[in-house]
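**Student:** Quick one: the structure is below, and I'll ask about it shortly.
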Amino acid sequence: MSPRLFHDSQYDWSRTVDSFWETGRGALAPVDAPTLSSDETADVAIIGGGYCGLSAAYHLARAGIDACVLEAGDIGWGASGRNGGFCCTGASWLGPEELVDAYGESEMLAFYRAQIESVRLVDDLAAEERIDIARQGDGIWTFAHKANRFADFVSHVAVLARLGVPARTLSAREFEASAFACSEQFGAQFEPTGFGLNPLAYCLGLARAARARGARVHAASRVTAWRKEGDVHRLVTAGASVRAKRVVVAANGWLPEDLHPTFVGRVLPLLSNIITTRPLSDDELRAQAWKTEAPASNTRNRLAYLRMLPDRRLLFGGRGDTSGRPSGGAAMKALLVRRMGEMFPAFAGVEVTHSWRGFIAATTRLTPALGELPDDPSVSFAFGCHGNGVAFMTWAGRELASRIAGTAGALPAPLRGLPDPFPLPSLRLWQLRALLLRAWFEDEFR
Ligand SMILES: Cc1cc2nc3c(=O)[nH]c(=O)nc-3n(C[C@H](O)[C@H](O)[C@H](O)COP(=O)(O)OP(=O)(O)OC[C@H]3O[C@@H](n4cnc5c(N)ncnc54)[C@H](O)[C@@H]3O)c2cc1C
């Protein structure tokens, strides 16, 4: 069994997530997701009740396949209920040129096409299932933290143009005239594919839709053991079990490495942290020339991501600490408060009402992983969307469901199959620290 990498508190499913979104949970329609209390059978058992697992269940149910989701915490307890709500592309840390070098031109384009489709899928699901996702903005900004990062926008915009997406670049002055004033910005790109949403509202809506289509959804039902009995899997929870011919592993940054040896070391979980301010006044917004509802992030490896929420709170996020301890969370909160004040002087010292964090997941090949285990195709998986999974993991869940239903086309090559495990998996936190040090060096000195 592989040890948990981070502090135990990051795996305490009895703990309520202290996010801004969670404070609004009571106002959202509830999900009927009882704890699994008796032995059940299903065609497909799904580990994880985030976008991936719920989208898989929803699409399986629509295909007439009996699916049962097991979630260790509340529905959306993982990243899906506590993220920044950027519904956008960007599920890989490789740029277009690197993807072409590794996989060829047409596979790079296929991957981009899938990501653009994933954003549209969220919009379509929200419309069809009448999920009030509190959609905000028509596009996503990325702004350069140094003048030399602007060139990356040009190649990115060119790729999107080839796929029919009219993205564009903006000078620093044009960006300020359209978005906001920021002390660290050297021009930007605007990608019209993307928007902001309330991530928890979307996740709960997806769960309700899956239920309404006939899937079963069980919260507070952590899988603690996984046995194969003949060609049937048995997933065991505290008081019961589910027997199924197929299993979908949809746990991303909380990938339970203790349940199946093949998953040991396959992801590098990283903490991402967010703060939200109190609602900002007209004067404060005017001082930063704020005009946009579209989410924005900068080009740092240790990026800052931010959006103005409907009640005019600033949500401001960044990469997290490398321990998961409560003290690490407090230090990250202080760092984010400082960074926010440096980038937006009018918001310096403004009260911060919420601060929280959670796992994203990276893979060794820096692209997400989807498919079935080579030595047991009855086990499907999707993980490793590199911090951008609102849209992509919804798409991945649908893709896994189509593959189980036998209706899927070929996956884009960058996504196909298992990535290599990280070397010396129990030392991944040291690898993460080295990566973050390199990232800082590149951000400051390249
Ligand atoms: C702070 C933060 C900000 C982010 N911001 C954005 C953003 O703005 N835009 C964006 O696109 N992406 C963002 N992301 C990433 C995005 O939220 C994730 O990529 C996405 O939610 C992953 O969905 P998922 O369903 O694969 O995994 P998750 O939502 O993480 O769900 C996995 C679930 O598996 C459950 N689980 C684990 N082990 C077991 C077990 N043994 N038994 C049962 N259940 C188990 C966990 O409890 C968890 O709920 C952010 C993530 C974080 C943490």
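The values are calculated or read from the model by the stated rules, or taken from the named source; none is laboratory data. Quantities reported herein were computed from a predicted structural model and do not represent experimental measurements. Heads up, the Cβs are rebuilt from the backbone with ideal geometry, glycines too, and the neighbour counts pull from every protein chain shown.
**Student:** Do you know which residues across the range 364-402 are in contact with a strand residue (DSSP E or B) (Cβ under 9 Å, 6 or more places away or on another chain) and among the charged types (D, E, K, R)?
**Tutor:** Matches in the range 364-402: Glu372, Asp376, Glu399.
**Student:** Would you check if there is a residue in the range 158-165 being in a strand (DSSP E or B) and basic (Lys, Arg)?
**Tutor:** From the range 158-165, those in a strand (DSSP E or B) are none; that's our starting set.
No, the conditions are met nowhere in the range 158-165.
**Student:** Which one of these is closer than 20 Å to Arg234 by Cα, within 15 Å of the ligand (Cβ to nearest atom) and buried (at least 24 other Cβ atoms within 10 Å of the Cβ): Val122, Val44? Please lay out each step first, then the result.
**Tutor:** Details: Val122 fails: closer than 20 Å to Arg234 by Cα.
Answer to the check: Val44.
**Student:** Going by the structure shown, is Leu255 within 11 Å of the ligand (Cβ to nearest atom), in contact with a Ser or Thr (Cβ under 8 Å, 6 or more places away or on another chain) and at pLDDT 95 or above? Spell out how you get there, then give the answer.
**Tutor:** Details: within 11 Å of the ligand (Cβ to nearest atom): yes; in contact with a Ser or Thr (Cβ under 8 Å, 6 or more places away or on another chain): no; at pLDDT 95 or above: yes.
Here the answer is no, as Leu255 does not meet what is asked.
**Student:** Quick one: would you say Phe175 is at pLDDT 95 or above, within 29 Å of Phe20 (Cβ to Cβ), over 25 Å from the mean Cα position of the chain (by Cα) and of a type outside the set (A, V, I, L, M)? Steps first, please.
**Tutor:** Working: at pLDDT 95 or above: yes; within 29 Å of Phe20 (Cβ to Cβ): yes; over 25 Å from the mean Cα position of the chain (by Cα): yes; of a type outside the set (A, V, I, L, M): yes.
Against the criterion (at pLDDT 95 or above, within 29 Å of Phe20 (Cβ to Cβ), over 25 Å from the mean Cα position of the chain (by Cα) and of a type outside the set (A, V, I, L, M)), Phe175 qualifies.
**Student:** In addition: Show the residue pairs that are 6+ apart or on different chains and have beta-carbon atoms under 7 Å apart, the first residue being within the range 86-109 and more than 17 Å from Thr299 (Cβ to Cβ), the second being of a type in the set (Val, Ile, Thr) and within 16 Å of the ligand (Cβ to nearest atom).
**Tutor:** Cys87/Val119; Cys87/Val122; Cys87/Val390
**Student:** Of the residues that sit in the range 284-332 and are in a loop (DSSP other than H, G, I, E, B) and hydrophobic (A, V, I, L, M, F, W, C), which one is surrounded by the most Cβ atoms within 10 Å (Cβ to Cβ)?
**Tutor:** Looking only at the range 284-332, we keep the residues that are in a loop (DSSP other than H, G, I, E, B), and these are 288-295, 299-303, 309-313, 320-325.
Filter again for hydrophobic (A, V, I, L, M, F, W, C), leaving 289-290, 294, 303, 309.
Values: Ala289: 15, Trp290: 20, Ala294: 23, Leu303: 18, Leu309: 20.
For the range 284-332, the residue satisfying everything is Ala294.
**Student:** Separate question: How about the range 224-278: which of its residues are more than 24 Å from the chain's Cα centre (by Cα) and basic (Lys, Arg)?
**Tutor:** Scanning the range 224-278 gives Arg227, Lys228, Arg234, Arg243, Lys245, Arg246, Arg278.
**Student:** Assuming Leu370 fulfils every condition listed in (1) surrounded by 15 or more Cβ atoms within 10 Å (Cβ to Cβ); (2) out of contact with any Leu (no Cβ under 6 Å at 6 or more places or on another chain); (3) free of Cβ contacts under 8 Å to residues at least 60 places away in the same chain; (4) not in a helix (DSSP H, G or I) apart from one, which condition is it?
**Tutor:** Looking at each condition in turn, Leu370 falls short on (2).
**Student:** For residues that are in contact with a His (Cβ under 6 Å, 6 or more places away or on another chain) and of a type outside the set (S, T, N, Q), scanning just the range 241-288, find the one that is nearest to Leu306 (Cα to Cα). Walk me through how you get there before you give the answer.
**Tutor:** If we filter the range 241-288 for residues that are in contact with a His (Cβ under 6 Å, 6 or more places away or on another chain), which is where we start, we get 244, 247, 276.
If we keep only those that are of a type outside the set (S, T, N, Q) too, we end up with 244, 247.
Details: Ala244: 42, Val247: 36 Å.
Across the range 241-288, the extreme among qualifying residues is Val247.
**Student:** Kindly list the number of the only condition in (1) under 20 Å from Pro412 (Cβ atoms); (2) in contact with a strand residue (DSSP E or B) (Cβ under 7 Å, 6 or more places away or on another chain) that fails for Arg82.
**Tutor:** Only one criterion in (1) under 20 Å from Pro412 (Cβ atoms); (2) in contact with a strand residue (DSSP E or B) (Cβ under 7 Å, 6 or more places away or on another chain) is unmet by Arg82, namely (1).
**Student:** Tell me whether the range 335-351 contains one or more residues that are modelled with pLDDT of 95 or more and in a strand (DSSP E or B). Walk me through how you get there before you give the answer.
**Tutor:** Narrowing the range 335-351 to residues modelled with pLDDT of 95 or more: 335-351.
Narrowing the set further to residues that are in a strand (DSSP E or B) leaves none.
No, the conditions are met nowhere in the range 335-351.
**Student:** Give me the residue from the range 386-429 that is within 16 Å of the ligand (Cβ to nearest atom) and among the aromatic types (Phe, Trp, Tyr) and, out of that set, surrounded by the fewest Cβ atoms within 10 Å (Cβ to Cβ).
**Tutor:** Filtering first and then ranking leaves Trp395.
**Student:** Where in the range 1-107 are there helices (runs of 4 or more DSSP H), lying wholly inside it, with at least 1 residues that are within 20 Å of Val122 (Cβ to Cβ)? Before the answer, list the steps.
**Tutor:** Details: elements: 20-23, 51-62, 96-103.
Filter on the range 1-107 gives 20-23, 51-62.
**Student:** Does any residue of the range 346-356 turn out to be within 30 Å of Pro261 (Cα to Cα), hydroxyl-bearing (Ser, Thr, Tyr) and in contact with a Lys or Arg (Cβ under 8 Å, 6 or more places away or on another chain)? Show your work before the answer.
**Tutor:** If we filter the range 346-356 for residues that are within 30 Å of Pro261 (Cα to Cα), which is where we start, we get none.
Checking the range 346-356: not a single residue is within 30 Å of Pro261 (Cα to Cα), hydroxyl-bearing (Ser, Thr, Tyr) and in contact with a Lys or Arg (Cβ under 8 Å, 6 or more places away or on another chain).
**Student:** May I ask you to say which residue of Ala225, Ala219, Ala207, Ala177 is of a type in the set (A, V, I, L, M), within 12 Å of the ligand (Cβ to nearest atom), farther than 23 Å from Glu442 by Cβ and surrounded by fewer than 17 Cβ atoms within 10 Å (Cβ to Cβ)? Explain how you work it out, then say what you get.
**Tutor:** Working: Ala219 fails: surrounded by fewer than 17 Cβ atoms within 10 Å (Cβ to Cβ); Ala207 fails: surrounded by fewer than 17 Cβ atoms within 10 Å (Cβ to Cβ); Ala177 fails: within 12 Å of the ligand (Cβ to nearest atom).
The conditions single out Ala225.
**Student:** Consider the range 266-283. How many of its residues are away from the ligand (no atom under 16 Å from the Cβ) and assigned to a loop (DSSP other than H, G, I, E, B)?
**Tutor:** Final tally of qualifying residues: 4.
**Student:** Check Trp290, Trp254 and return the single one that is among the hydrophobic types (A, V, I, L, M, F, W, C) and under 30 Å from Glu40 (Cα atoms). Show your work before the answer.
**Tutor:** Values: Trp290 fails: under 30 Å from Glu40 (Cα atoms).
Going through Trp290, Trp254 in turn, just one is among the hydrophobic types (A, V, I, L, M, F, W, C) and under 30 Å from Glu40 (Cα atoms): Trp254.
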